[in-house]
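Contents: one structure, followed by commentary.
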Amino acid sequence: GTGDAMLIDAGIGNSPWTVLAEGLGEQVGISVGAATFATSVAILLLWPFLRERPGLGTIANAVVIAVAIDAMRPVLPDPDAPVAELAQTLAGIALVGLGSGLYLTCNLGPGPRDGLMTGLHRVTGRPVATIRLGIEVSAVTAGWLLGGTVGLGTVLFALLVGYAVSLGLAAVSTA
């Protein structure tokens, strides 16, 4: 959640799901964190049809990320120079990777979005990569149409988050 807040406040583009949450929040008049939580709940309502089972980590993921986004945004800097925006975006992506490493190694249930991916894979038989790409493109497109911020940060997130998660997993496994 803090990593996502860093991307939002950098102002040069959000992660795909945060693009959606920001756009939804603008349309409905709620914070990005509240829209993130609402999106998580909506996705969880699909889980029975996808034969997914939530765990404690599923609920914690939905709550903690939403709360962290709203709690951290007021205390994070709003960079006003392109180099500072880029640095904050890269730091946010790294933090998302570290947080993902922590969350994925707990084995307490997938987050709502990960369960959507694995459930759709199970039900449709389509490759995980195809499912994930479709979900991410759908989220960023819908969010952009609703007014969410898409830009260089969005592209950097898409290109770097896999590496960041890999490094986060490595860091957690050696700790």
Pull out the extension gain between LEU145 and VAL75, defined as 0.36 nm times the separation in residues minus the alpha carbon to alpha carbon distance; nm, one decimal.
22.4 nm
Acute angle (nearest 10 degrees) that the helix 128-146 long axis makes with the longest principal axis of the chain, alpha-carbon atoms:
50
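Run the numbers for VAL155 and ALA170: contour at 0.36 nm per residue of separation, minus the present Cα-Cα distance, in nm.
Details: separation 15, 0.36 × 15 = 5.40 nm, distance 2.37 nm.
Answer, rounded to one decimal: 3.0 nm.
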Just want to confirm a number: the relative contact order over the chain, from Cα pairs under 8 angstrom separated by 6+ residues, in percent.
42
So how strong a dipole does the chain carry about its Cα centre when Lys and Arg Cβ are +1 and Asp and Glu Cβ are -1, to the nearest 20 debye?
780
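For region 99-149, rounded, prolate or oblate, judged on the Cα gyration tensor with a ≥ b ≥ c (square roots of eigenvalues), a/c < 1.5 rounded, else prolate if a/b > b/c? Write down the numbers at each step before the final one.
Numbers: a/c = 2.73, a/b = 1.29, b/c = 2.11.
Cα axes put region 99-149 in the oblate bin.
Within region 81-175, what whole-number % of the accessible surface is contributed by carbon and sulfur, with the 1.4 Å probe and all protein chains included in the calculation?
Here it works out to 74 percent.
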Give the accessible area for VAL67 in Å² (nearest 10); use a 1.4 Å probe, count only protein heavy atoms, and leave out ligands, DNA and RNA.
90
Looking at the square roots a ≥ b ≥ c of the eigenvalues of the Cα gyration tensor of region 112-175, which shape do they give, rounded for a/c under 1.5, prolate if a/b is larger than b/c, or oblate?
oblate
Probe 1.4 Å, all protein chains in place: accessible area of SER166 in Å², nearest 10?
70
How much length would be gained if the chain were fully extended between VAL63 and CYS106, taking 0.36 nm per residue of separation minus their Cα-Cα distance, in nm to one decimal?
13.9 nm
What ³J(HN,Hα) values, in whole Hz, does the Karplus curve 6.51 cos²θ - 1.76 cosθ + 1.60 give for region 65-71 when θ = phi - 60°, with x put for Gly and Pro?
5, 4, 5, 4, 4, 6, 6
In degrees, nearest ten, helix 152-174 long axis to first principal axis of the chain (Cα):
70
Tell me whether region 36-117 comes out rounded, prolate or oblate; compute the Cα gyration tensor, take square roots of the eigenvalues as a ≥ b ≥ c, and use a/c under 1.5 as the rounded threshold.
prolate
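Once you keep just the Cα pairs under 8 angstrom separated by 6 or more residues, what percentage relative contact order results for region 1-86? If you can, show how the numbers build up before the last one.
Values: 82 pairs, mean separation 39.3, N = 86.
Reported relative contact order: 46 percent.
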Value of D in µm² per second that Stokes-Einstein yields for region 69-173, Kirkwood Rh from Cα pairs, at 37 °C (0.692 mPa s):
211
In the P(r) worked out for the chain, what percent of Cα pairs fall beyond 30 Å?
12
Alpha carbon centre of region 132-175 versus region 1-26: separation in Å?
11
What's the whole-number percent of alpha carbon pairs in region 1-84 lying beyond 16 angstrom?
54
Step through the residues of region 47-61 one at a time and calculate ³J(HN,Hα) from phi using the Karplus curve (6.51 cos²θ - 1.76 cosθ + 1.60, θ = phi - 60°), rounding each to whole Hz and writing x for Gly and Pro.
4, x, 6, 9, 6, 9, 10, x, x, 4, x, 5, 5, 4, 4
Given a 1.4 angstrom probe, what's the average accessible area per residue across region 46-175, in square angstrom?
57
With the label point 7 Å along the Cα-to-beta-carbon line of ARG51 and a cut-off under 14 Å to each amide N, the hits in region 112-132 are 118-126
So the angle from the long Cα axis of helix 16-28 to the longest Cα principal axis of the chain, reported in degrees to the nearest 10, equals 80
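The values are calculated or read from the model by the stated rules, or taken from the named source; none is laboratory data. Computed from a prediction, not measured in an experiment: that's the story for all the values here. Because the Cβ atoms are built from the backbone with ideal geometry, glycine has one as well, and the counts that use them run over all protein chains shown. These accessible areas exclude ligands, DNA and RNA; they are computed on the full protein's heavy atoms, side chains included. Shrake-Rupley method; radii C 1.70, N 1.55, O 1.52, S 1.80 Å.
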